[in-house]
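S.K.: For reference, the structure I am asking about is given below.
The values are calculated or read from the model by the stated rules, or taken from the named source; none is laboratory data. Predicted model, so just to flag it, every value in this text is computed and none were measured. Note that each Cβ is placed from the backbone with ideal geometry, even for glycine, and that neighbours are counted across all protein chains shown. In case anyone asks, the SASA skips ligands and DNA or RNA and just uses the protein heavy atoms, side chains included. Shrake-Rupley method; radii C 1.70, N 1.55, O 1.52, S 1.80 Å.
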Amino acid sequence: MRTMKNTDPRIDAYIEDAPEYAQPILIKLRKLFHRAEPAIEENIKWGNPTFEYQGIVGGMGAFKEHVAWGFWKGNALKDPSGLFPDGGKASPYAIKVSTVKELPADKVLVAYVKEAVELNRKGVNASPSSGKKKSAKPPARTPADLAVALKLKKNTKAKATFDGFSPSHKRKYIEWLTEAKREETRQKRLATAIEWMAEGKPRNWKYMKKW
(Lines give C-alpha, C1' and ligand atoms only; values in the text may rest on other atoms or scores of the structure.)
Protein backbone atom coordinates (compact mmCIF):
# COMPACT_ATOMS: atom_id res chain seq x y z
CA MET A 1 0.00 0.00 0.00
CA ARG A 2 1.20 3.48 -0.83
CA THR A 3 2.30 5.73 1.99
CA MET A 4 -0.55 8.10 2.82
CA LYS A 5 -0.02 11.72 1.82
CA ASN A 6 -1.80 14.86 2.99
CA THR A 7 -2.60 13.44 6.41
CA ASP A 8 -3.92 15.64 9.20
CA PRO A 9 -2.59 15.13 12.76
CA ARG A 10 -6.05 15.98 14.07
CA ILE A 11 -7.30 12.73 12.59
CA ASP A 12 -4.48 10.84 14.31
CA ALA A 13 -5.71 12.37 17.57
CA TYR A 14 -9.34 11.58 16.72
CA ILE A 15 -8.55 7.91 16.16
CA GLU A 16 -6.48 7.69 19.34
CA ASP A 17 -9.37 9.20 21.30
CA ALA A 18 -12.02 6.94 19.72
CA PRO A 19 -13.41 3.85 21.50
CA GLU A 20 -11.10 0.86 21.24
CA TYR A 21 -13.49 -1.13 19.03
CA ALA A 22 -13.65 1.75 16.54
CA GLN A 23 -9.95 2.39 16.04
CA PRO A 24 -9.18 -0.44 13.56
CA ILE A 25 -12.28 0.48 11.55
CA LEU A 26 -11.27 4.14 11.34
CA ILE A 27 -7.68 3.22 10.45
CA LYS A 28 -8.77 0.95 7.60
CA LEU A 29 -11.30 3.41 6.18
CA ARG A 30 -8.66 6.14 6.24
CA LYS A 31 -6.14 3.97 4.38
CA LEU A 32 -8.64 2.95 1.72
CA PHE A 33 -9.73 6.52 0.99
CA HIS A 34 -6.05 7.35 0.43
CA ARG A 35 -5.45 4.21 -1.63
CA ALA A 36 -8.30 5.13 -3.96
CA GLU A 37 -7.06 8.69 -4.46
CA PRO A 38 -3.50 9.52 -3.31
CA ALA A 39 -4.21 13.25 -3.73
CA ILE A 40 -7.10 13.15 -1.28
CA GLU A 41 -6.83 15.54 1.67
CA GLU A 42 -8.00 15.18 5.25
CA ASN A 43 -10.01 17.61 7.34
CA ILE A 44 -12.21 17.78 10.42
CA LYS A 45 -15.73 19.04 9.90
CA TRP A 46 -18.61 18.90 12.34
CA GLY A 47 -16.21 17.26 14.77
CA ASN A 48 -15.53 14.24 12.54
CA PRO A 49 -12.89 13.28 9.94
CA THR A 50 -13.64 14.06 6.31
CA PHE A 51 -11.77 13.21 3.10
CA GLU A 52 -11.70 15.85 0.39
CA TYR A 53 -10.79 16.20 -3.27
CA GLN A 54 -12.22 19.27 -4.97
CA GLY A 55 -14.87 19.16 -2.27
CA ILE A 56 -15.95 16.59 0.29
CA VAL A 57 -15.69 12.99 -0.89
CA GLY A 58 -16.72 11.19 2.28
CA GLY A 59 -16.20 10.91 5.97
CA MET A 60 -16.48 8.83 9.12
CA GLY A 61 -17.34 9.19 12.77
CA ALA A 62 -17.04 7.00 15.86
CA PHE A 63 -19.96 6.62 18.25
CA LYS A 64 -20.64 4.52 21.33
CA GLU A 65 -21.42 1.28 19.51
CA HIS A 66 -20.80 1.91 15.83
CA VAL A 67 -18.77 3.80 13.25
CA ALA A 68 -20.83 5.74 10.71
CA TRP A 69 -19.23 6.38 7.35
CA GLY A 70 -20.13 7.07 3.77
CA PHE A 71 -20.04 9.55 0.90
CA TRP A 72 -21.10 13.18 0.69
CA LYS A 73 -22.74 12.66 -2.70
CA GLY A 74 -24.00 9.17 -1.98
CA ASN A 75 -27.31 9.91 -3.69
CA ALA A 76 -25.40 10.21 -6.98
CA LEU A 77 -23.39 6.99 -6.63
CA LYS A 78 -24.50 3.86 -8.48
CA ASP A 79 -24.24 1.63 -5.36
CA PRO A 80 -23.82 -1.70 -7.21
CA SER A 81 -22.98 -3.52 -3.97
CA GLY A 82 -26.00 -2.18 -2.11
CA LEU A 83 -24.01 -0.53 0.66
CA PHE A 84 -26.56 2.15 1.44
CA PRO A 85 -29.17 0.90 3.94
CA ASP A 86 -32.87 1.34 3.16
CA GLY A 87 -32.04 3.47 0.15
CA GLY A 88 -30.11 5.61 2.62
CA LYS A 89 -28.33 7.63 -0.01
CA ALA A 90 -30.15 10.59 1.50
CA SER A 91 -27.78 10.55 4.46
CA PRO A 92 -24.11 11.29 3.69
CA TYR A 93 -22.75 8.88 6.29
CA ALA A 94 -25.50 6.27 6.47
CA ILE A 95 -23.39 3.11 6.64
CA LYS A 96 -22.87 1.79 10.17
CA VAL A 97 -20.44 -0.92 11.25
CA SER A 98 -19.19 -2.20 14.58
CA THR A 99 -16.30 -4.41 13.41
CA VAL A 100 -13.75 -4.36 10.60
CA LYS A 101 -15.32 -7.53 9.20
CA GLU A 102 -18.50 -5.61 8.45
CA LEU A 103 -16.68 -3.31 6.02
CA PRO A 104 -16.99 -4.16 2.31
CA ALA A 105 -14.07 -5.77 0.50
CA ASP A 106 -11.18 -3.38 -0.11
CA LYS A 107 -11.66 -3.34 -3.88
CA VAL A 108 -15.35 -2.55 -3.46
CA LEU A 109 -14.74 0.37 -1.12
CA VAL A 110 -11.92 1.71 -3.27
CA ALA A 111 -14.21 1.62 -6.32
CA TYR A 112 -16.85 3.65 -4.46
CA VAL A 113 -14.27 6.23 -3.38
CA LYS A 114 -12.97 6.54 -6.95
CA GLU A 115 -16.49 7.11 -8.24
CA ALA A 116 -17.13 9.72 -5.54
CA VAL A 117 -13.87 11.50 -6.45
CA GLU A 118 -14.86 11.46 -10.11
CA LEU A 119 -18.17 13.14 -9.26
CA ASN A 120 -16.22 16.00 -7.71
CA ARG A 121 -13.86 16.18 -10.69
CA LYS A 122 -16.87 16.55 -12.99
CA GLY A 123 -18.49 19.10 -10.73
CA VAL A 124 -21.61 17.01 -10.21
CA ASN A 125 -23.83 18.95 -7.83
CA ALA A 126 -25.53 16.20 -5.86
CA SER A 127 -27.35 17.12 -2.70
CA PRO A 128 -26.27 15.26 0.43
CA SER A 129 -29.90 15.04 1.54
CA SER A 130 -33.16 14.01 -0.02
CA GLY A 131 -34.91 17.18 1.03
CA LYS A 132 -36.96 15.34 3.64
CA LYS A 133 -37.10 17.27 6.84
CA LYS A 134 -35.68 15.28 9.72
CA SER A 135 -37.37 15.49 13.06
CA ALA A 136 -35.16 17.26 15.55
CA LYS A 137 -33.71 15.25 18.39
CA PRO A 138 -35.19 16.10 21.76
CA PRO A 139 -32.83 18.06 24.02
CA ALA A 140 -30.46 15.77 25.89
CA ARG A 141 -31.22 15.52 29.60
CA THR A 142 -28.42 16.92 31.74
CA PRO A 143 -27.28 14.17 34.15
CA ALA A 144 -27.53 14.94 37.84
CA ASP A 145 -23.78 14.97 38.55
CA LEU A 146 -23.12 17.44 35.73
CA ALA A 147 -26.02 19.65 36.82
CA VAL A 148 -24.74 19.71 40.40
CA ALA A 149 -21.19 20.53 39.30
CA LEU A 150 -22.40 23.40 37.12
CA LYS A 151 -24.32 24.92 40.04
CA LEU A 152 -21.18 25.26 42.14
CA LYS A 153 -20.05 28.86 42.52
CA LYS A 154 -16.50 28.02 41.41
CA ASN A 155 -17.86 26.69 38.12
CA THR A 156 -19.71 29.84 37.06
CA LYS A 157 -17.72 30.17 33.83
CA ALA A 158 -18.34 26.55 32.90
CA LYS A 159 -22.08 26.97 33.48
CA ALA A 160 -22.18 30.09 31.33
CA THR A 161 -20.46 28.19 28.50
CA PHE A 162 -22.75 25.18 28.84
CA ASP A 163 -25.90 27.32 28.94
CA GLY A 164 -24.75 29.10 25.79
CA PHE A 165 -24.10 25.90 23.85
CA SER A 166 -26.39 24.72 21.08
CA PRO A 167 -28.33 21.50 21.86
CA SER A 168 -25.87 19.48 19.76
CA HIS A 169 -22.84 20.82 21.67
CA LYS A 170 -24.54 20.09 24.98
CA ARG A 171 -25.34 16.58 23.78
CA LYS A 172 -21.70 15.83 22.94
CA TYR A 173 -20.60 16.57 26.51
CA ILE A 174 -23.55 14.71 28.01
CA GLU A 175 -23.01 11.61 25.87
CA TRP A 176 -19.27 11.63 26.58
CA LEU A 177 -20.04 11.64 30.29
CA THR A 178 -22.84 9.07 30.27
CA GLU A 179 -20.95 6.65 28.01
CA ALA A 180 -18.24 6.14 30.65
CA LYS A 181 -18.38 2.52 31.78
CA ARG A 182 -16.70 3.01 35.15
CA GLU A 183 -17.47 5.53 37.86
CA GLU A 184 -13.79 6.49 38.05
CA THR A 185 -13.76 7.25 34.32
CA ARG A 186 -16.98 9.23 34.63
CA GLN A 187 -15.61 11.40 37.42
CA LYS A 188 -12.43 12.11 35.42
CA ARG A 189 -14.50 13.08 32.41
CA LEU A 190 -16.71 15.29 34.53
CA ALA A 191 -13.69 17.16 35.91
CA THR A 192 -12.25 17.54 32.41
CA ALA A 193 -15.58 18.71 31.00
CA ILE A 194 -15.88 21.41 33.67
CA GLU A 195 -12.29 22.52 32.99
CA TRP A 196 -12.80 22.71 29.23
CA MET A 197 -16.12 24.52 29.50
CA ALA A 198 -14.60 27.04 31.92
CA GLU A 199 -12.20 27.82 29.06
CA GLY A 200 -15.10 28.14 26.62
CA LYS A 201 -14.26 24.94 24.77
CA PRO A 202 -16.72 22.58 23.06
CA ARG A 203 -16.27 18.84 23.53
CA ASN A 204 -14.38 18.33 20.25
CA TRP A 205 -12.27 21.49 20.48
CA LYS A 206 -9.07 19.51 19.78
CA TYR A 207 -10.31 18.78 16.25
CA MET A 208 -11.43 22.30 15.39
CA LYS A 209 -9.09 24.65 13.58
CA LYS A 210 -10.08 27.51 15.89
CA TRP A 211 -8.31 25.73 18.70
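S.K.: Scan segment 100-123 and report the pairs whose first residue is over 26 Å from residue 65 (Cα atoms) and free of Cβ contacts under 8 Å to residues at least 60 places away in the same chain and whose second residue is assigned to a loop (DSSP other than H, G, I, E, B) and open to solvent by less than 50 Å² (accessible area, probe 1.4 Å), with Cβ atoms within less than 8 Å and a gap of 6+ or a chain change.
M.R.: 115/77; 116/73; 116/77; 119/73; 119/77; 119/126
S.K.: Go through the residues of segment 2-15 one by one and say whether even a single one is free of Cβ contacts under 8 Å to residues at least 12 places away in the same chain, surrounded by fewer than 16 Cβ atoms within 10 Å (Cβ to Cβ) and of a type in the set (Ser, Thr, Tyr).
M.R.: Checked against the condition, which is being free of Cβ contacts under 8 Å to residues at least 12 places away in the same chain, surrounded by fewer than 16 Cβ atoms within 10 Å (Cβ to Cβ) and of a type in the set (Ser, Thr, Tyr), segment 2-15 yields at least one hit.
S.K.: Here is a follow-up. Name every residue in segment 77-117 that is of a type in the set (D, E, K, R) and surrounded by fewer than 13 Cβ atoms within 10 Å (Cβ to Cβ), in order of residue number.
M.R.: 78, 86, 101, 102, 107 - these are the residues of segment 77-117 that are of a type in the set (D, E, K, R) and surrounded by fewer than 13 Cβ atoms within 10 Å (Cβ to Cβ).
S.K.: Something else now. Considering only residues that are in contact with a Ser or Thr (Cβ under 7 Å, 6 or more places away or on another chain) and either under 19 Å from residue 65 (Cα atoms) or open to solvent by 20 Å² or more (accessible area, probe 1.4 Å) (or both), which ones fall in segment 144-197?
M.R.: 174
S.K.: Quick one: count up the residues across segment 1-39 that are under 20 Å from residue 111 (Cα atoms) and not acidic (Asp, Glu).
M.R.: Matching residues across segment 1-39 total 19.
S.K.: Also, quick follow-up: Within segment 62-76, track down each residue that is in contact with a strand residue (DSSP E or B) (Cβ under 6 Å, 6 or more places away or on another chain) and surrounded by fewer than 19 Cβ atoms within 10 Å (Cβ to Cβ).
M.R.: Once the filter is applied, which keeps residues that are in contact with a strand residue (DSSP E or B) (Cβ under 6 Å, 6 or more places away or on another chain) and surrounded by fewer than 19 Cβ atoms within 10 Å (Cβ to Cβ), segment 62-76 yields 66, 68.
S.K.: Please tell me if residue 6 is over 26 Å from residue 185 (Cα atoms), part of a strand (DSSP E or B) and among the polar types (S, T, N, Q).
M.R.: In short, no.
S.K.: Does at least one position in segment 37-57 carry a residue that is out of contact with any strand residue (DSSP E or B) (no Cβ under 8 Å at 6 or more places or on another chain) and polar (S, T, N, Q)?
M.R.: Yes; the residues of segment 37-57 include at least one that is out of contact with any strand residue (DSSP E or B) (no Cβ under 8 Å at 6 or more places or on another chain) and polar (S, T, N, Q).
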